[in-house]
Amino acid sequence: MAVWFIQDNDGTWQDTQMSAFLKLLLLWLVCFFSVTAGSGVNALELRLIRTIGGPALMELYPSGIAVDPHGGNLIAADTGNDRLREYSADGTPIRTFGAYGHGVGQLSYPRDIAMDDDGNIYFSDRKNRRVVKLRRDYTWLGSLPINAMGISVKGGKVYITDPERGSVQVWNQDLTNQELLVRPNGICTFGSSLSDVDADAAGNIYLSDKTANGVYILGADGTCLRRLSGNGHRAISLRVAHDPVLGQELLYETSTSSSPRVRVYRLDGSYVGGISSSAFLVEPWFMDVAPDGDIWVADESANRVKRFDRTPRGWVEAQTIPSDSPPTSLAPKPLADDAMFNTVNGIAFGSDGTVYAADYMNARIVHLTSDGGVINACPDPHGTPTSRPLGLAVDTVADEIWFLQAYSSHVDILRADCVRLATLRLEATPGFTPFRPVAIAIRAADRIAFIADRDNHRIVAYDVATRQPLTTFGSVGSGINQFRLPSGITVHPVKGTVLVADSGNARLVELQFERGTFLWRRTISQSSLNGEFGDVAIDRHDHIYVADNRRSQVLVMADSGTVAATIQDLRDPAGITVSPTDEVFVADSHNDRIRVYSYSLLVNGGFENGLADWTGWRLGEVTTTDVYGGARAAVFSSPVAFSNSIQQTTTGLPAGTYTASIWYKRLNGVRWARLRVRVLNPATGAISLTRTAGMPTTGAWTRAEIPDIPVNPGETISLNVWMDSSAGGTLYLDDAELR
């Protein structure tokens, strides 16, 4: 006879004798009736299971820069580290302001920076979508809700570019009154690629648009005056400043094209001189000009600031901050298991389950095992300073890597041994800007590559086998068959449809591609998408993962668009992909690491909330001293012999094939334990499938698994663990999953 436990009214347990038949009958009844008391519809939990790489951040990731006109100190927007850094003129660190976050005194991706004549500091806190003003002692004075890129202060006015709205705003220095709003007019056709702004002594406004190959000049009232165009004016940032040698105002421009440099012009557009690529500027972003004519440049990818002294004949390289920055080349991080990336972006899987990651700043593709072991790394095949791998995908038929270059109009194809097989160049279509690929996905079934061409607001399809373009789809707009800044793309692993992150329109778009033609299927809109988002992924159970860059999180959505969960503790998530074993890989870009998550349709599968959401757990309690993952595990034990069962039922499942698993540790005294799943029709009570997996291992954490569980529309899965033990037996359970 076995011993069964019944709870009295006072909460104590009494043992009574019961036949084995009655015991099993009651256990079956508990399991059966729990079908209708399940864990809720489409519940989803994600658990961090491992981290690959970083963080191992550099001292400085500068993009914005300002020189104090009074003391000569340098203030840099340390973009990648979410802070401001101040240095003396000789490069000595003085002060750090800010840390990652969204409140007062916290920053997220600060960009351009400027100072007024009183020494107040203005900068674009980009991911927080605001312009911040600080006193010279870094006292927080206030902010404006503008997602600014470029900022300058001239003549008591603050000039701000707002690429999100395609406009320029002019405010008073107190940021209390908007004095001018400038929109495209005449030949000044700036838009969503609007970058920087400044003004001359007469109040004329100068604008740079990253894709326009020109600088726009507007009057003080915002009226378009003219455009400086040509190959010499593809500016990402600009400044208008007085030059003491020529005794007049000059226009200074930085460019991050294939030949990074600084060019200097008179205001009529005639060329004066500049700083060529021979000075090894890798990725010059914003700059400032000191009163003595020296040019300070934030060389972001090289993790440094450089000063060029003004001489009667031009500008001469004079100083680098930090002083130990590589003088002639970037120094990639070593391929150490714990710190291998310098800004990681795209992620893709090979046919053997290994991982390829785009190591952006190190200009290489890193090849890893799925648990993070380093296999090798492929350096950029072109070897140019601005070659930066962005998104990537793997043709699993030929095991070839397709990856996108951030600053060029081409796609490179590599073998796994790093041999470059081809470079595909898509010429600009008349009326379009140069090809700007930012995300790629390959559909294995017919070997079609889909590329998001961000700045042309379209999708490009390639035949992977022939490496030839097939068609393009989309135009700029917010209607059907239109996109605005598509930022991510993926292929449904079962249906084969194409899901596009239509970032500028704050929506997801599902497309069908058959016989060379795209068909618009549906739009998924959700209020949580109203911000900056990037890459997108989808698993075989229709869970959609969207990189929410504005809030530095990943949204996990049901097929309907309802947000089911979020992934936090990230900084600028970039690439997302789902592994062949249903693990979710997220490129935690500015933490220099990949985070790997396991999702489950069970609620509280890791027992982090005690035994909530489980039924039938009579002898269970929670332990924090012996766990497999997380902070807690469930433990079942009694000084007398016992039998027990715990269960949970998941409803609202899409039709498909599922896997159930749980980690257990069985100690001496447990006679048997097993994991069981039943697939049921809740309307009729009919059981279509019953499967079990034993738990025979003792003394060590072991995973019990039941794979390939078929579920038809409307069916539910009931998962339970049965156990039978002699006196003193103990069974630990942790990290139960259904996926």
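The values are calculated or read from the model by the stated rules, or taken from the named source; none is laboratory data. Only a predicted model underlies this, so the values are computations on that prediction, with no experimental measurement involved. Note: ideal-geometry Cβ built from the backbone for every residue, glycine included; neighbour counts use all protein chains shown. Note: accessible area is taken over every heavy atom of the protein model, side chains too, but ligands, DNA and RNA are not part of it. Shrake-Rupley method; radii C 1.70, N 1.55, O 1.52, S 1.80 Å.
Brief remarks on what is shown
- Unmet requirement for GLY80, which otherwise passes all of (1) modelled with pLDDT of 95 or more; (2) assigned to a helix (DSSP H, G or I): (1)
- Any chance ASN147 is open to solvent by less than 20 Å² (accessible area, probe 1.4 Å) and not aliphatic (A, V, I, L, M): yes
- Residues in region 357-371 that are open to solvent by 10 Å² or more (accessible area, probe 1.4 Å) and not basic (Lys, Arg) were compared, and the one that is nearest to the chain's Cα centre (by Cα) is TYR360.
- Residue that is nearest to ARG111 (Cα to Cα), among those in region 299-328 that are open to solvent by less than 60 Å² (accessible area, probe 1.4 Å) and either modelled with pLDDT under 70 or of a type in the set (Lys, Arg) (or both): ARG304
- Filtered residues of region 559-577 (kept if part of a strand (DSSP E or B) and open to solvent by 30 Å² or more (accessible area, probe 1.4 Å)): VAL563, ALA564, THR566
- Filter pass, LEU26 being over 19 Å from MET287 (Cβ atoms), surrounded by 13 or more Cβ atoms within 10 Å (Cβ to Cβ) and modelled with pLDDT of 60 or more: no
- Every pair of residues 6+ apart whose Cβ atoms lie under 7 Å, when the first sits in region 438-457 and is among the basic types (Lys, Arg) while the second is open to solvent by less than 20 Å² (accessible area, probe 1.4 Å): ARG443/GLY496; ARG447/ASP395; ARG447/VAL464; ARG454/PRO486
- Any hit, region 634-652, residues being in a loop (DSSP other than H, G, I, E, B) and closer than 28 Å to SER552 by Cβ: no
- Candidates GLY119, GLY64 - the one that is part of a loop (DSSP other than H, G, I, E, B) and open to solvent by less than 20 Å² (accessible area, probe 1.4 Å): GLY119
- Scope region 476-494; condition open to solvent by less than 70 Å² (accessible area, probe 1.4 Å), of a type in the set (S, T, N, Q) and under 22 Å from GLU532 (Cβ atoms); matching residues: GLN482, SER487, THR490
- Subset of region 33-73 that is among the aliphatic types (A, V, I, L, M) and within 18 Å of ASP112 (Cβ to Cβ) - its residue that is modelled with the lowest pLDDT: LEU60
- Output for region 77-116, where each listed residue is among the charged types (D, E, K, R), in contact (Cβ under 8 Å) with a residue 24 or more places away in the chain and buried (at least 16 other Cβ atoms within 10 Å of the Cβ): ASP78, ASP82, ARG83, ARG85, ARG111, ASP112, ASP116
- Checking THR692 against (1) in a strand (DSSP E or B); (2) modelled with pLDDT under 95; (3) open to solvent by 10 Å² or more (accessible area, probe 1.4 Å), the condition it does not meet: (2)
- Of LEU508, LEU421, LEU519, LEU470, all but one fail to be part of a strand (DSSP E or B), buried (at least 19 other Cβ atoms within 10 Å of the Cβ) and not β-branched (Val, Ile, Thr); the exception is LEU508.
- Pairs meeting the criteria (first residue in region 39-54 and under 30 Å from LEU368 (Cα atoms), second residue at pLDDT 75 or above and basic (Lys, Arg), beta carbons under 7 Å, at least 6 apart or on different chains) are LEU48/ARG595; THR51/ARG593; THR51/ARG595; ILE52/ARG593; GLY53/ARG593; GLY54/ARG593.
- Residue list for region 586-610, restricted to those being over 14 Å from ALA631 (Cβ atoms), hydrophobic (A, V, I, L, M, F, W, C), open to solvent by less than 10 Å² (accessible area, probe 1.4 Å) and not in a strand (DSSP E or B): LEU601, LEU602
- Test: residue in region 124-140 that is more than 19 Å from ALA99 (Cβ to Cβ), touching a residue at least 40 places away in the same chain (Cβ under 8 Å), buried (at least 24 other Cβ atoms within 10 Å of the Cβ) and not β-branched (Val, Ile, Thr): no
- For region 181-224, a residue qualifies if it is of a type in the set (Val, Ile, Thr) and surrounded by fewer than 22 Cβ atoms within 10 Å (Cβ to Cβ), and the qualifying residues are ILE187, THR189, THR211, ILE217, THR223.
- Residue in region 664-686 that is in contact with a Leu (Cβ under 9 Å, 6 or more places away or on another chain), over 22 Å from ARG739 (Cα atoms), open to solvent by 20 Å² or more (accessible area, probe 1.4 Å) and in a strand (DSSP E or B) present: yes
- Residue in region 494-504 that is nearest to SER192 (Cα to Cα), counting only those that are in contact with a strand residue (DSSP E or B) (Cβ under 7 Å, 6 or more places away or on another chain) and either aliphatic (A, V, I, L, M) or not in a strand (DSSP E or B) (or both): SER503
- Members of region 542-554 that are buried (at least 23 other Cβ atoms within 10 Å of the Cβ) and either closer than 22 Å to ALA393 by Cβ or over 11 Å from the mean Cα position of the chain (by Cα) (or both): HIS543, ILE544, TYR545, VAL546, ALA547, ASN549, VAL554
- Evaluation of VAL460 against (1) free of Cβ contacts under 8 Å to residues at least 40 places away in the same chain; (2) in a strand (DSSP E or B); (3) open to solvent by 30 Å² or more (accessible area, probe 1.4 Å) (one fails), failing number: (3)
- Which numbered condition ASP735 fails, given (1) surrounded by fewer than 19 Cβ atoms within 10 Å (Cβ to Cβ); (2) closer than 19 Å to LEU44 by Cα: (1)
- Qualifying positions in region 574-601 - within 14 Å of TYR545 (Cα to Cα) and basic (Lys, Arg): ARG595
- In region 209-249, the residues that are under 24 Å from VAL67 (Cβ atoms) and of a type in the set (Ser, Thr, Tyr): SER237
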